[in-house]
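No value in this document is a laboratory result; all are computed from the given coordinates. Given the structure is predicted, the values throughout are model-derived calculations rather than measurements. Methodologically, a virtual Cβ is constructed for each residue, glycine included, from the backbone with ideal geometry; neighbour enumeration extends over all protein chains shown.
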Amino acid sequence: MAYIAPNTHAQLESFYSVPQIGAVLVPINYRLTADDFAYIIAHSGASVVCAHEDYLEVVDRIRDQVPGVRHFIALEGLTGPARARRPREGGWLDYEALLADASTQFAAAQVEERDLLTINYTSGTTSRPKGVMITHRNAYMNVVGTLLHVPMRMTDRYLWTLPMFHANGWTFVWIVTAVGATHVCLRKVDPAKVFETIKAESITLLCAAPTVLIGIAGAPPEVRAGAPKGVRVVTAGAPPAAATASGPAAVAAPQPPPPSPARAAGAAAAPAAAPAAAPISTPRCVR
C-alpha cells in the first residue's frame, strides 16, 4: 500500500494499520515528481494508493502508468459516508468514510519478524529511486537501539518536524508509541509554527535533518522569543555546521593573532592548537 502524504494523523495510522493486516507499506516522498510517483508505485507492486488531498490531481495524471493499482483512497478532501460505497468522479474513495463504515472486528494477520514491513525509496538523485526493504525485525531492533541512546518516557511529547516517509521517520513512528508518549503531527515545517507548537503543546523532543534544523535555529529573535528550555533535538544524515549546533547567536571563530616580532624575524614558533570541534551528537536545546 503506497502512501503520499505529509505528517498527518492518517499518515501516522498507516504505520500501524497496514502491518496489522499483513500488508507492506510504501511511504513515498511527496516532494518527488509525478513520474517518480508512477515509477515507485509500479516498481513496489502497490495495489492500493492512499493520497493526501494536495496530491489527488497529480495521482490522477499517472493512473494509466499504474495499472496494478486496484483502489485509490483520498486521505482528505472527500466527505460523506456515501462516498465510500461508490467511487466519486475520478474513482477516489474517502478514507474517513471507509473507516466509519468498517467493522471494528478483524482477524490480525500472522506476521513473522523477518516478514517485509516497508519499502522505503531513495529520492533518485543519481538514477531511478531505489527501494530499501525493511523487515519487522529491522524496525523493532532500531526502536530498541534508539531508545538506548535517546531515552524517552511516557510524559514526552514528540513534534513531527521530520517527514514520516523519511526512513519511517527514523522509526519514531513506533518509538514514541512504544514508550506511551504523545505524537504531535505537523503538516508543514515552518519555523514560526514550530516554535508556536513547541510552546502550545509542551513539546519535549523533535527530530530534524540538518537543513530543517538550520531553518529552525536561524529563525528571527521574535519567533524564538519565549521558547521553553529543555527541548531535545535529534539530528542525523550529516553533521550540522558548528554555528548551527551552537545556536543562532554563536560567535564567529576566533582569528589567529598577528605575528609576534620574534616570528616576523624568523624565530620558530609553536604550532597553534586546533579549535575544539563543536559537539554534534548530544541532543541540544532549541533556542
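Sort 178-187, 101-110, 19-28 by packing, meaning the average of other beta carbons within 10 Å per residue, with the highest value first. Each step should come with its number before you reach the end.
Details: 178-187: 16.1, 101-110: 7.9, 19-28: 19.2.
Result, highest mean Cβ count within 10 Å first: 19-28, 178-187, 101-110.
Could you work out, for segment 157-246, what percent of all Cα-Cα pairs fall into each 10 Å distance bin, beginning at 0 Å and stopping at the bin that holds the largest distance?
16, 53, 29, 2
Placing +1 at every Lys and Arg Cβ and -1 at every Asp and Glu Cβ, with all other atoms neutral, what dipole size does segment 1-112 have around its Cα centre, in debye to the nearest 20? If you can, show how the numbers build up before the last one.
Numbers: 8 positive and 14 negative charges, 56 e Å.
Roughly 260 debye, rounded to the nearest 20.
Using 0.36 nm per residue, how much length does the chain from residue 63 to residue 47 gain when fully extended, once their Cα-Cα distance is taken away?
Working it through step by step, the gained length comes to 4.6 nm.
Can you give me the distance in nm between label points at residue 155 and residue 229, each placed 7 Å from the Cα along the Cα-to-Cβ direction?
With each label placed 7 Å out from Cα toward Cβ, I get 1.7 nm.
Where does the charge balance sit around residue 137 when Lys and Arg score +1, Asp and Glu -1, over other residues with C-beta under 11 Å from its C-beta?
Values: positive: 114; negative: 112, 113, 115.
Taking every Cβ under 11 Å from that of residue 137, the sum is -2.
If you wrap a convex hull around the Cα atoms of segment 110-178, how much volume per residue is inside, in Å³?
In segment 110-178, the Cα convex hull volume per residue is 105 Å³.
I need the GluC sites (Glu not before Pro) found in segment 101-204, filtered to DSSP loop residues with at most 16 other beta carbons within 10 Å of theirs. It would help to have the intermediate numbers written out before the result.
Working: sites: 112, 113, 196, 201; in loops: 112, 113, 201.
Loop-located and lightly packed - 112, 113, 201.
Taking a label point 7 Å from the Cα of residue 148 along the Cα→Cβ vector, which residues of segment 201-236 have an amide N closer than 20 Å to it?
Counting only backbone N, you get 234-236.
Only Lys, Arg, Asp and Glu count, each charged at its Cβ (+1, +1, -1, -1), so figure out the dipole size of segment 165-231 about its Cα centre, rounded to 20 debye.
So the magnitude is around 0 debye.
May I ask you to compute the full-extension gain from residue 110 to residue 125, defined as 0.36 nm times their residue separation minus their alpha-carbon distance, rounded to one decimal in nm? Let's see the in-between values first.
On the way: separation 15, 0.36 × 15 = 5.40 nm, distance 3.70 nm.
That works out to 1.7 nm of additional length.
What is the packing order of peptides 64-77, 29-42, taking the mean over residues of other C-beta atoms within 10 Å and listing the highest first? Display every interim value, and only then the final one.
Working: 64-77: 15.7, 29-42: 17.6.
Most protected by this proxy first, the peptides run 29-42, 64-77.
Which trypsin sites (Lys or Arg not before Pro) in segment 125-166 pass both tests, a DSSP loop state and at most 11 other beta-carbon atoms within 10 Å?
Values: sites: 130, 137, 153, 157; in loops: 130, 153.
Answer in residue order: 153.
Say each of residue 102 and residue 140 gets a label point 7 Å from the Cα, pointing the same way as Cα to Cβ; how far apart are those two points in nm?
2.2
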